[in-house]
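Encoded as structure tokens, the structure appears first; notes follow it.
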Amino acid sequence: MLSGNEIRTKFLKFFESKGHQVVRSSSLVPHDDPTLLFTNAGMVQFKDVFLGFDKRPYVRAATSQKCVRAGGKHNDLDTVGRTARHHTFFEMLGNFSFGDYFKRDAIIFAWEFLTEVLMLPKDKLWATVYLDDDEAFNLWLELTEIPKERIVRLGEKDNFWAMGDTGPCGPCSELLIDRGEGFRCDAPECAIGKCDCDRWLEIWNLVFMQFERDSQGNLTPLPKPSIDTGMGLERIASVVQKVNSNYDTDLFSPLIKAVERISGKKYQKGPEGFPFRVVADHARACTFLISDGVLPSNEGRGYVLRRILRRAIRFGKSLGIDGPFMDQMVPVVVELMKDAYPELLEQQDQVMKVIQVEEGRFQETLNEGTKVANEIVERILAAKGDTISGKEAFLLYDTYGFPLDLTEDIAEEHGLKIDKQGFEKAMEEQRKRAREAREETVAFDFAAGFSGVLDAIPPTEFLGYQDLAADSAVLAIVQGDGAVDRLKENTEGWVLFAETPFYGESGGQVGDRGTFAVDGCQGVVLDTKKLPDGHPVHLCKVTQGVLNRGARVKLEVESVRRQAIARNHSATHLLHRALKEVLGNHVNQAGSLVEPERLRFDFTHFEAPTEEELKRIERRVNEMILANLPVVAFETGFDEAKQLGAIALFGEKYGDRVRVVKMGEYSAELCGGTHVVSTGVIGSFKILSEGGVGAGLRRIEAVTGTAALDYYNRQEELLQQIAGFLKTPHHQLLSKIQSLTQELKEKDKELEKLNQKMALYQIDELLQSAQKVDEVTVLAAQVQVSDMEGLRTMTDLLRQKLGSGVVVLGAASEGKVNFVAAVTKDLLNKKLHAGLLVKEVAKVALGGGGGRPDMAQAGGKDPSKLPEALAKAYEVVRNQLRH
């Protein structure tokens, strides 16, 4: 019986023997594709190839692609563990043809692999085809042993694939296996296309990409039809290993056993085993996502990761696991998958640390959420209500990670119900917001314009590593969404040259600027980008004459700007290494921006570096600058580069040949950017700021070279101005400021004593202004205090003095309004609620707020409305008492 790892290996070797290039799985974070949260299919990394934006040195490819379907259009999160075949993380085996072979060979390869390599029973295999795809129907009859009664025609919903509303599309054909009567469902007609049960198990989808669909829905045959196939490894493993569920395969059984060990409970394959399956699945997803650079956060990919991890933790609790445990699952995942994905072993410690921190945070969130849930319950009971609203249940779910069933348990304990319909409505509204946030955008507006001309254009030769000037030919010009033959004076367009010294923006490094000139024509290069296939394209503005396609031009990069960029880029490499030395090897680059004026470097770390650590990091970088290390770049194979210790960065897309940038023996990274010839050219390095930009994510901003010198000069000038203002020599400034600070503290204490005396006088006067509203004493007044804390203190004093009553105070300060409302405990059962009261009062002053029933605060934007707002308080109290 073949293991899951053996099936993967056999698949890749089979297609390699058929002339396919075996391509490494791309990252789970799609490269330069804002339309996707995660890589969710094998074709994602080839999307630009199918669209004609990218060219590869091969026309056949095979992959085992890491995929996640959780969040966005493809979201299997809620079905994971409930069915035998849904997962958040899975591997998709696929073979691809880019204008090479088509339906005939795709069908031959699929049939041969399933029946001769995996030895699946031929008499159990079925095929589906698109309704009117007679070609595919006849090929299945001709090339395989599937009889026509086992070839099923299905409609567009099941058997027609499209990349989007417009673009490449085509019919598809699926291979299924009949698992027998024991797996049939209870549907009246259990048959392919009639039900979705486990008897008819879909194994392999073959997409025949043969049309281009326009905005009117018209289909035009593609000049070079292509093939895109996908087969889930976990699913085919369940068939080969003759088990009922993906979770019973050797890809999951060690994880299930780990959950048994941690929980002390025995796994059962029915519904009782649901929590085991969830934890096992989610452990894989978390391990792979974090190893690909995703960190828990409150938005985007990080939010999905957080939901997956917290869902696993909750189901762990349902198994009686009280303490942190998900980090213990990571080594099990790594041991299972490290041969296919060696990066997991490299990232194991980092993944475990991220999970440990997030589990701790979740426990804090649960504790805080429990307080909020109790406050909601108290308020509803005080109002004699019987239902937790859908919005409140969703707040607990979305903000505090409470699943609906946990909120239901809390409600049941207090005899309350939950508005489930309202909860679902709030959930759908969130899904809608997420969909709108991910509406399709195009990385570069000019990419579509170039797609029609790239077929005839060879790769542009980049000369910019050695030269900043070159003679070149204009190969193509794009204006708007199409190619043109010329650029007229005072117009802009994207230009593609045969050779270029201009670096196109990528890897965090901004694009070059400069000039171009030809007889009778000259202009400026405003920016340089890269098309998805790597072609550099130049945003050119003609300042004199006309630039014609085919012209020979003189190109020149703005050298001072390029050198400043190179200094900052080389400094990021030294910084990356220094961070690992000082903070630990778990630190990894998570993003960067390299501009001429500054550099920005994002890195993974779980706490703010201390001042001492930042000094050590800065000093270490400057030591390497002073060492004047030689900077050399060379090309090698990806695996060879990794063996040399070169660092590969998260989310970057690397080919089989990579460029390594080495700085002495100190630093080695895979990098296509431009750099200094030796580290001494950087001059100096100064950190300007360091801060957090997300959970487990930090950011450093720094300057080098002349920008660092400018920074030091500004600091010295500022110091001189301060010394002049204080009439104190430089070396005595600190003691002078300390002395002045002490004097201010003493003055503040005196002022505070005076304010307290004034407050007592105010309190006596205010008590005289209290009014009765339906037998309840209400005091609403404007007072003179400087901040919210003072306002709360005064409100509390007045509440104590009243003994029984309602207090609403307002104060204007610095163009804003602050409000505080308080209700004595004996009146809470009369439906009086300070949070709702202060909210209504603040509305009058164009503000808002709220809080607890006994005391709450709010803010407003219009001080002129303060008297009107306070007068409103009496009306609100009257309404609360009567309704």
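The values are calculated or read from the model by the stated rules, or taken from the named source; none is laboratory data. The structure displayed is predicted, hence computed values, not measured ones. Positions of Cβ are backbone-derived with ideal geometry, glycine not excepted, and every protein chain shown enters the neighbour counts. In case anyone asks, the SASA skips ligands and DNA or RNA and just uses the protein heavy atoms, side chains included. Shrake-Rupley method; radii C 1.70, N 1.55, O 1.52, S 1.80 Å.
Amide H to amide H distances under 5 Å link Leu120 with Thr115, where only residues 5 or more positions off or on other chains count and H is placed in the peptide plane.
Under the criterion of Cα pairs below 8 Å and six or more residues apart, the relative contact order for the range 1-58 equals 21 percent. In order along the range 311-317, the Karplus-derived 3J(HN,Hα) couplings, from 6.51 cos²θ - 1.76 cosθ + 1.60 at θ = phi - 60°, round to 5, 4, 4, 5, 6, x, 4 Hz, and Gly and Pro are given as x.
Starting from the residue with the highest accessible area, list Trp161, Trp140 in decreasing order, probe 1.4 Å.
Working: Trp161 55, Trp140 0 Å².
Result, largest first: Trp161, Trp140.
For the chain, the equivalent ellipsoid built from the Cα gyration tensor has semi-axes of 54, 43, 27 Å, listed from largest to smallest. Amide H to amide H, with H built 1.01 Å from N, Lys18 comes under 5 Å of no residue 5 or more places away or on another chain. Ordered by 1.4 Å accessible area with all protein chains kept, Arg8, Arg792 run largest first as Arg792, Arg8.
For the chain, the longest principal axis of the Cα atoms and the long axis of helix 788-802 meet at an angle of about 50 degrees. Taking only the Cα atoms of the range 46-121, the ratio Rg/Rh comes out at 1.06, with Rh defined as the Kirkwood radius.
Note on the range 675-798: along the principal axes its Cα atoms extend 85, 44, 19 Å, ordered by decreasing extent.
Heavy-atom surface analysis with a 1.4 Å probe gives the range 92-151 a carbon and sulfur content of 49 percent of its accessible area. Could you work out how far helix 866-882 tilts from the main Cα principal axis of the chain, as a 0 to 90 degree angle to the nearest 10? That helix lies at roughly 80 degrees to the long axis. When only the Cβ of Lys, Arg, Asp and Glu is charged (+1, +1, -1, -1), the dipole of the chain relative to its Cα centre reaches about 1580 debye.
In the context of the full set of protein chains, residues of the chain present 47 Å² of accessible surface per residue (probe radius 1.4 Å, heavy atoms only). The DSSP beta bridges internal to the chain are antiparallel in roughly 90% of cases. Its convex hull of Cα atoms gives the range 53-204 a direction-averaged projected area, equal to a quarter of the hull surface, of 11.0 nm².
Apply 1/(1 + (r/R0)^6) to the Cβ-Cβ distance of Arg56 and Cys190, taking R0 = 35 Å, and write down the FRET efficiency to the nearest 0.05. Efficiency at R0 = 35 Å is approximately 0.20.
Would you list, by chain and number, the lysines whose Cα falls below 18 Å from the Cα of Lys753, excluding same-chain residues fewer than 8 positions away? Here the lysines satisfying the reach criterion relative to Lys753 are Lys745. Each residue of the range 131-139 is assigned a 3J(HN,Hα), and the resulting list reads 2, 10, 8, 5, 4, 5, 4, 5, 5 Hz, derived from the Karplus form 6.51 cos²θ - 1.76 cosθ + 1.60 (θ = phi - 60°), x at Gly and Pro. Comparing Thr83, Tyr58, Phe109 along the charge dipole axis of the range 47-133, the residue lying farthest to the positive side is Thr83, per the Cβ-charge model. Once the Cβ-Cβ distance of Glu489 and Arg561 is raised to the sixth power relative to R0 = 22 Å, the FRET efficiency obtained is 0.30. So who's got an amide H within less than 5 Å of the one on Lys816, skipping anything under 5 residues away but keeping other chains? H placed 1.01 Å off N, in plane. For Lys816, whose amide H was placed from the backbone, there are no distant partners under 5 Å.
Could you work out the percent of alpha carbon pairs in the range 584-736 separated by over 25 Å, rounded to a whole number?
Working: 4939 of 11628 pairs.
Of all Cα-Cα pairs in the range 584-736, 42 percent lie more than 25 Å apart.
Between the residues Gly273, Leu767, Val676, the greatest Cα displacement towards the positive end of the dipole of the chain, with unit charges on the Cβ of Lys, Arg, Asp and Glu, is found for Leu767. When the charge dipole of the range 194-330 is built from unit charges on Cβ atoms (+1 for Lys and Arg, -1 for Asp and Glu) and taken about the Cα centre, the candidate among Ala285, Met329, Ile236 whose Cα reaches farthest toward its positive end is Met329. Normalised by 2.2 N^0.38 Å, where N counts its residues, the alpha-carbon radius of gyration of the range 776-882 equals 0.94.
Note on the range 496-638: the alpha carbon radius of gyration divided by the globular reference 2.2 N^0.38 Å gives 1.33.
A probe of 1.4 angstrom, applied to the heavy atoms of all protein chains, finds Thr793 with accessible area near 70 square angstrom. The phi torsions of the range 506-519, fed into the Karplus equation with coefficients 6.51, -1.76 and 1.60 and a -60° offset, translate into couplings of 5, x, x, 8, 5, x, 6, 10, x, 9, 9, 8, 8, 3 Hz, rounded to whole numbers, with Gly and Pro shown as x.
The longest stretch of the chain left intact once loop-based GluC sites (Glu not before Pro) with at most 16 other Cβ atoms within 10 Å are removed from consideration, loops following DSSP, is 1-144. The base-10 log of I(q)/I(0) for the range 115-274, evaluated at q = 0.13, 0.16, 0.18 Å⁻¹, reads -0.75, -0.99, -1.14 [Debye formula, identical scatterers on Cα atoms, solvent excluded].
Applying a 4.7 Å cutoff between beta carbons, the unpaired cysteines of the chain are Cys67, Cys169, Cys172, Cys190, Cys195, Cys286, Cys521, Cys540, Cys671.
With angles folded into 0 to 90 degrees, how steeply does helix 559-583 sit against the dominant principal axis of the chain? Use alpha carbons for both and round to 10. Roughly 80 degrees between the two axes.
Calculate how large, on average over all directions, the projected area of the Cα convex hull of the range 239-360 is; give the answer in nm² to one decimal.
Numbers: hull surface 30.6 nm².
Orientation-averaged projected area of the Cα hull: 7.6 nm².
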